[in-house]
Amino acid sequence: MAQKEIYWHLPGFYCFRLLTQAIVNMMKDYPKCFRDGYRIGSVYDTFPGAIWNGGRTIFGISTKAYIQSMIKLYNDKGIPVRFTWTNSLLEEKHLQDTYCNLIMRLADNGMNQCLVNSPILEEYLRREYPGFKLLSSTTKRLLGLEDVLAELEKDYYLVVLDYDLNHNEKVISSIEPYADKIEILVNEICVPGCAKRKEHYEHQSRMQLEYDMSQPFRCPNRNHDRTFEECKKLPAFLSNEEIQEYVDKGFVNFKIAGRGMPQDFLKESYLYFLVKEEHQDFIRKQIDDLIAKFEAMQGRRP
């Protein structure tokens with residue numbers, strides 16, 4: 001029987017570009033160190049300053065040449081780039097944004113993807129860029145079973161399940177027939193049932209639209225640095241053993257969270273989920289050495 005392929009969707013093609021590129025290279029160079037059948041299904045993020053972006057605010061700007069090079073870097077390895085177009089406050093006037101449309105044109109090769117939240121933007125993308133696969137974002141905060149089932153009936157490539165449903169046996173059993181259309185977030189750090197989560201997403205959307213860093217969101221649950229070890233204690237976390245149970249039910253798409261988190265959180269997430277336990281120390285050192293090499297090369301550039 002052929003080994004079932006499991007697809008992992010990794011954060012930070014821009015924000016954690018060195019770490020993301022390092023793990024991509026490690027999976028190619030040391031395949032026996034990684035869990036059997038695991039593949040990178042996509043890398044998700046945004047280029048800085050794109051007003052369609054949501055979830056996490058990222059300011060700045062990228063040149064056309066840089067955008068092209070980053071997309072090519074992953075696409076040449078067979079990895080789709082997935083844009084986090086989940087700003088929930090978009091209006092019709094924002095659809096003609098020159099920068100966001102430039103990004104879409106440069107990535108319009110039939111391989112890449114978009115996470116969506118706003119019906120206005122989704123309709124525009126379907127009309128103007130039909131070559132992109134569209135995914136329903138977890139930022140919609142769909143918690144009712146009927147809402148999830150209705151979303152699965154729509155024309156989405158994947159639907160990202162809300163983390164609060166990860167261990168809801170009734171929901172998981174009901175969506176099992178759609179397992180290959182579901183993406184599961186395995187390491188969410190937010191507290192269970194967070195009443196402020198949707199408000200937080202809207203705040204991030206407003207900051208991105210207005211280029212405003214002056215009013216950070218006052219999260220009542222963030223009073224100290226968050227670590228991967230802390231994440232593992234949260235109810236929504238999926239252990240490797242639990243992931244295998246999902247795989248046995250037909251679920252094959254898993255998402256690692258990390259945008260907006262410390263780089264060490266993401267690195268430890270990669271090591272835990274992707275790397276065989278006996279090889280984690282070796283791969284950790286390889287990643288650290290490779291990132292140091294990348295950083296040294298960048299420091300030598302004029």
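Readers should treat all values here as calculations from the given coordinates under stated rules, not as data from a laboratory. This is a predicted model, so every value here is computed, not measured. Please note: Cβ atoms are built from the backbone with ideal geometry, for glycine as well, and neighbour counts cover all protein chains shown.
Computed over segment 6-300, relative contact order equals 23 percent, with contacts defined as Cα pairs under 8 Å that lie 6+ residues apart.
Computed over neighbours whose Cβ is under 12 Å from that of A22, the net charge equals +2, Lys and Arg +1, Asp and Glu -1.
Summing +1 for each Lys or Arg and -1 for each Asp or Glu among the other residues whose beta-carbon sits under 11 angstrom from that of E229 gives 0. Identify which of R82, R284, R218 has the largest mean-square fluctuation in a Gaussian network model of the chain, with springs joining Cα atoms closer than 10 Å. For the chain, modelled as a Gaussian network with Cα springs under 10 Å, the answer is R218. Distances between placed amide hydrogens fall under 5 Å for F34 paired with K276, all partners being 5 or more residues away or on another chain. Among I182, I120, a tally of other beta-carbon atoms within 10 Å of each Cβ gives an order, fewest to most, of I120, I182. Across segment 68-82, rounded Karplus estimates of 3J(HN,Hα) from the backbone phi angles (6.51 cos²θ - 1.76 cosθ + 1.60, θ = phi - 60°) give 4, 5, 5, 4, 5, 3, 7, 4, 5, 8, x, 10, x, 9, 10 Hz, Gly and Pro being marked x. Rounded to the nearest whole Hz, the Karplus-based 3J(HN,Hα) values (6.51 cos²θ - 1.76 cosθ + 1.60, θ = phi - 60°) of segment 137-142 follow the sequence 7, 5, 5, 5, 6, 8, with x at glycine and proline.
The lysines within cross-link reach of K32, meaning a Cα-to-Cα straight distance under 19 Å and a gap of 8 or more places when in the same chain, are K4, K77, K267, K276, K285.
Here the residues C100, C15, ranked from fewest to most Cβ neighbours within 10 Å of their Cβ, fall in the order C15, C100. Remark: spin-label model distance K196-S214 equals 2.2 nm, labels positioned 7 Å along the Cα→Cβ axis. For segment 174-218 versus segment 24-63, the inter-centroid distance based on Cα atoms is 18 Å. In the elastic network of the chain, a GNM with C-alpha springs shorter than 10 Å, the most mobile of I61, I79, I175 is I61. Residues in segment 30-40 carry Karplus couplings, in order, of 10, x, 6, 7, 9, 5, 5, x, 7, 9, 7 Hz; the curve used is 6.51 cos²θ - 1.76 cosθ + 1.60 with θ = phi - 60°, and Gly or Pro positions show x.
A Gaussian network model of the chain, with springs between Cα atoms under 10 Å, assigns the largest mean-square fluctuation among K170, K249, K276 to K170.
For the chain, the residue among L152, M26, C194 whose Cα projects farthest onto the positive side of the dipole built from Cβ charges is M26.
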